[in-house]
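Nothing in this text is a laboratory measurement; each read-out follows from the coordinates by a stated rule. Every value quoted in this text rests on a predicted model; they were computed, and no experiment measured them. Here the Cβ is made from the backbone with ideal geometry for all residues, glycine too, and neighbour counts use every protein chain on show.
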Amino acid sequence: MKATEIGLGLLGYGTVGKGIHDLLAANGKEIEQRRGVRLTIRKIAVRELSNHLEVEQSLLSTNPLAVVNDPSCQLVAEVMGGEEPALQCISAAIASKRPTATANKLVVAKHWPTLIELARQNNVGFRYESAVCAGIPILSSIKVGLAGNHIESITGIVNGTTNFILTRMREANLEFEEALSEAKDLGYAEADPSSDVDGWDAAYKLSILASVSTNRWLDPDLIKRQSIRGISRSTIQAASALGCQVKLAARFSNAREATLAKVEPVFAMPSHALFAVDGTENIVQISASPVGRLQFRGSGAGAGTTASGVVSDLIQLAIELKDGRPCIPNPVIGEIQPSRKSEAESSFAVITSDESGSNRTAIERLLRPIQIVNSHTFVGGAVFVTECCSQEIFLERIAAASEDISEFYEVLK
Ligand SMILES: NC(=O)c1ccc[n+]([C@@H]2O[C@H](COP(=O)([O-])OP(=O)(O)OC[C@H]3O[C@@H](n4cnc5c(N)ncnc54)[C@H](OP(=O)(O)O)[C@@H]3O)[C@@H](O)[C@H]2O)c1
């Protein structure tokens, strides 16, 4: 089969941009043979030309909008990051009828309805597979593979940086700041780690997962978020005493009576899918009707894995361009309003700083009518596990008892 050559405008040549270049260099021939399209990088936007002396200089530009509008670029891949000028460039690319792929979770999550509507108006494809869990093909699985299902819930570890930090705190008995510093040294955390550790990155990904699952926009600002900065060595020890692991869980529940969306640290038991996912690995577990429970697991960051997601989007967009049949997104049908209160039932781990555990009676009195079903002591405190109970009643009791209880976490079984 003779391949059709499609010119690509690449916005950004950092970790992911170089990953896309390298992937096309390694697999381009096979992609041509298998899919009938040859993706050729025609222009590359960077911030600083002198950082890229290894690249043929005629390809480079410091003006990303000029790359978008370059006549040789039929497709655009945005991998600069940040909100602006990324949003402006993605919008300009779509408005100029260039099919566009991006890995930018912040832009997609915050501006999803506007960008979808723009793509529809201009009759062009717009794809963002690697904005969620990089190379794990979770969005296309939801959109295509699960198209006939009702997505009931999504539970995942979608941020590799925080999972690495929590894993290192457990493995090496580190405090949060020590594990964060290790993550920075290894390039897993940025100089300003707030987006990762305060749950914003995970909230953007959960917003995209929920929006794609329902075709209703979940505004990331409406997702309840709890940072992992409050996790200490003693939190990890409390979890270990129960045989649990601390994980930053991103959860969306799409029950008919109430919708919940939250990113918060939880205690995962060995029986739960999140328990064994360590380091920078990601997992997404989807419960859907009628298919049941599915798990998607793999590396959620890095040059190759993210390029894998972007290039799969680009190949799809190139084939649609070649065939003259753009696959435009479905219309957004509304917005998700997550409930503030939960009707669900859960079990909770309650941590106190009394190492003797002799305060069990006092804790039982504080939580009544909720029963304690398990307790352990560890160096630095005691941890009590409640029966499965109404989240509402538990939170009311905890609010009244806050001075005696230092931390509490939902236990995922
Ligand atoms: N890294 C990952 O593992 C990963 C995983 C999933 C998704 N993503 C997403 O992929 C995107 C890119 O991430 P990255 O890690 O590749 O970032 P990065 O290494 O910081 O690279 C960013 C690139 O964009 C260029 N750039 C930034 N602002 C620009 C501007 N105003 N004009 C022209 N060029 C500009 C930079 O130019 P200079 O080189 O000259 O500075 C650099 O080449 C982000 O949206 C990120 O969230 C990344």
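Points worth noting:
- Here's the list of lysines a cross-link from Lys224 could span, going by alpha-carbon distance under 17 Å and ignoring same-chain residues fewer than 8 apart: Lys110, Lys205, Lys247, Lys262, Lys341.
- Rounded if a/c under 1.5, otherwise prolate or oblate - region 1-117, Cα gyration tensor axes: oblate
- Cα shape, the chain, gyration tensor, a/c 1.5 rule: prolate
- Summed side-chain charge close to Tyr128 - residues other than Tyr128 whose Cβ falls under 10 Å, Lys, Arg +1, Asp, Glu -1: -1
- One Cα centroid belongs to region 301-323, the other to region 78-94; the line between them spans 17 Å.
- For q = 0.20, 0.31, 0.32, 0.33 Å⁻¹, Debye-computed log10 I/I(0) when each Cα of region 237-287 counts as one equal scatterer: -0.76, -1.25, -1.28, -1.31
- Ranked by the mean number of other Cβ atoms within 10 Å per residue, highest first, peptides 14-23, 154-163 order as 154-163, 14-23.
- Shape call, region 139-299: gyration tensor on alpha carbons, a/c limit 1.5: prolate
- The chain: DSSP helices with Cα axial extent of at least 24 Å and average Kyte-Doolittle hydropathy no lower than -0.5: 303-323
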